[in-house]
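Scroll down for the structure; my scribbles are underneath it.
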Amino acid sequence: MSEPSSSGRVVVLATRNAHKVVEMKRLLEPAGLAVEPLPDEIELPPEDGTTFADNALVKAQTAAAETGRPSIADDSGVEATALGGAPGVRSARFAGPSATDEQNLEKLVLEAPADSRLRYVCALAYVNPETGDERVFFGDCRGRLARVRAGSNGFGYDPVFIPDATGDNRTMAELTDAEKDAISHRGHAVRALTRWLRP
Ligand code: IMP
């Protein structure tokens, strides 16, 4: 059986979010893509774009320009139907510029009704300075807001996000890593990237 051509490739991951590093490595390494951390001296631009794609692309472009290596970046967040799609691109700063995950989650629970519709979105940008390729891949994951928080896996809004795909009442934070990866917005976006990287 032949190896996929993505085997042996290395990408720089343009993020300072430790949770995303863990999830990205888990998703990319089995597909033959080794992940290199962003060098400490590289400063990422502020995430002030109006779309997930804009924010992901500018981070990947910065990393690619500074390192000269193929680079990827994810911008992601949660959209609440009851809040007109908020917090969306502002998910990391929903409760303020330096808000913690806990403060952001608390604000979502206060403002959106239990059982109301949620959607996680991930835009994953790939920039290769050697070939000039610039692509953005998307993934989403639909679900609803839990009445009470549950679980300690994952990060961010996971303890109050009940994904539809499992067909039960567990939150994302109660799933195993493998269960989350199979249905998550980030999992879908990474699989779109690795499919495209194959010949
Ligand atoms: P950013 O992509 O760095 O702007 O941050 C995205 C924010 O969205 C995170 O800080 C989390 O609050 C939230 N988020 C993105 N992906 C996930 C996820 O898989 N689980 C829980 N929260 C997430």
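Of all residues in segment 30-57 being touching a residue at least 60 places away in the same chain (Cβ under 8 Å), away from the ligand (no atom under 11 Å from the Cβ) and part of a helix (DSSP H, G or I), which is nearest to ARG117 (Cα to Cα)? Across segment 30-57, the extreme among qualifying residues is ALA53.
Criterion applied to GLY96, GLY154, GLY84 was being touching a Lys or Arg at 6+ places or on another chain (Cβ under 8 Å) and within 27 Å of LEU57 (Cβ to Cβ), and the one residue passing it is GLY154.
Would it be correct to say that ASN169 is within 29 Å of ALA63 (Cα to Cα), polar (S, T, N, Q) and at pLDDT 95 or above?
No.
Residue-level analysis places PRO113 outside the set of residues that are part of a helix (DSSP H, G or I), in contact (Cβ under 8 Å) with a residue 24 or more places away in the chain and under 18 Å from ALA80 (Cα atoms). Of the residues making up segment 12-29, those that are in a helix (DSSP H, G or I) and either farther than 22 Å from ARG191 by Cβ or of a type in the set (Lys, Arg) (or both) number 4.
Being at pLDDT 95 or above, away from the ligand (no atom under 13 Å from the Cβ) and touching a Lys or Arg at 6+ places or on another chain (Cβ under 6 Å) is a description that does not apply to ARG135. In summary, ARG149 fulfils each of the numbered conditions (1) farther than 22 Å from ASP74 by Cα; (2) without any contact (Cβ under 8 Å) to a residue 40 or more places away in the chain with the single exception of condition (2). Inspect segment 81-94 for any residue being over 16 Å from the mean Cα position of the chain (by Cα) and near the ligand (Cβ under 10 Å from one of its atoms) and give the result as yes or no. The answer is yes, given that some residue of segment 81-94 is over 16 Å from the mean Cα position of the chain (by Cα) and near the ligand (Cβ under 10 Å from one of its atoms).
Residue count for segment 158-186, restricted to those that are more than 10 Å from the ligand (Cβ to nearest atom), among the β-branched types (Val, Ile, Thr) and outside any loop (DSSP other than H, G, I, E, B): 2.
Are there any pairs, at least 6 apart or on different chains, whose C-beta atoms fall under 6 Å, with the first in segment 91-106 and crowded, with 19+ Cβ neighbours inside 10 Å and the second modelled with pLDDT under 95, and if so, which? Between residues of segment 91-106 that are crowded, with 19+ Cβ neighbours inside 10 Å and residues that are modelled with pLDDT under 95, there is no close pair. Each residue in segment 44-69 was checked for being out of contact with any helix residue (DSSP H, G or I) (no Cβ under 8 Å at 6 or more places or on another chain) and either closer than 14 Å to ARG16 by Cα or of a type in the set (Val, Ile, Thr) (or both), and 8 of them qualify.
Within segment 38-47, the presence of a residue that is within 12 Å of the chain's Cα centre (by Cα), surrounded by 16 or more Cβ atoms within 10 Å (Cβ to Cβ), of a type in the set (Asp, Glu) and under 21 Å from GLY154 (Cβ atoms) is excluded.
The values are calculated or read from the model by the stated rules, or taken from the named source; none is laboratory data. All of these numbers come straight from a predicted model, not from anything done at the bench. We place every Cβ from the backbone using ideal geometry, glycine too, and count neighbours over all the protein chains shown.
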